[in-house]
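Reading through the structure tokens given below for one structure.
We did not get these values from a lab; they are worked out from the coordinates using the rules stated. Given the structure is predicted, the values throughout are model-derived calculations rather than measurements. Reconstructed Cβ throughout: ideal geometry from the backbone, glycine too, with neighbour counts over all protein chains shown.
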Amino acid sequence: LVDAAITELLRKWPLDSTHVHGGPGGLQLAQLAHAATRHGGKMALRAICVELKRRPVASLPWHLRSKELVMYAAGHAETPASLEFLLGMASHAVHVVCRHRGFTLLHEAAFCRRPWNVRLLLAMRCDATLCSLIG
């Protein structure tokens with residue numbers, strides 16, 4: 001019953017496709033997704049991700065796309081559960097590279113001192129030989 005109510009609220013969540021961050025609704029949804037990611041809230045994260053996958057990619061703000069969410073999880077999650085869950089939903093994201101810094105998920109996890117995520121990514125065969133753009 002609670003899951004259905006949350007799903008319905010997320011379905012009606014307004015995102016402004018003309019605003020780079022999705023307007024106030026996009027910013028609030030990003031805060032919710034980041035909090036769920038940081039604290040391992042897999043049920044909330046699942047509901048958010050299912051809703052984001054339901055919407056056309058072109059309508060999603062850049063910071064709510066799979067690449068950005070897994071990069072955030074690699075550097076900010078307090079447990080490996082969030083990153084593992086996100087990679088389970090978007091397995092292609094294990095190979096993402098930040099176009100600004102050239103960071104992979106492994107770089108992000110190491111730079112942000114998340115050893116549990118580093119171990120997870122190495123177990124998933126994330127390429128440890130890639131260099132970033134900043135050294």
Revision key, fill the gap. Picking from SER91, SER17, the residue that is under 17 Å from LEU121 (Cβ atoms) and small (Gly, Ala, Ser) would be SER91
Exercise for review: Might you check whether a residue that is under 28 Å from ASP3 (Cβ atoms) and β-branched (Val, Ile, Thr) occurs anywhere in the stretch 80-98?
Suggested key: yes
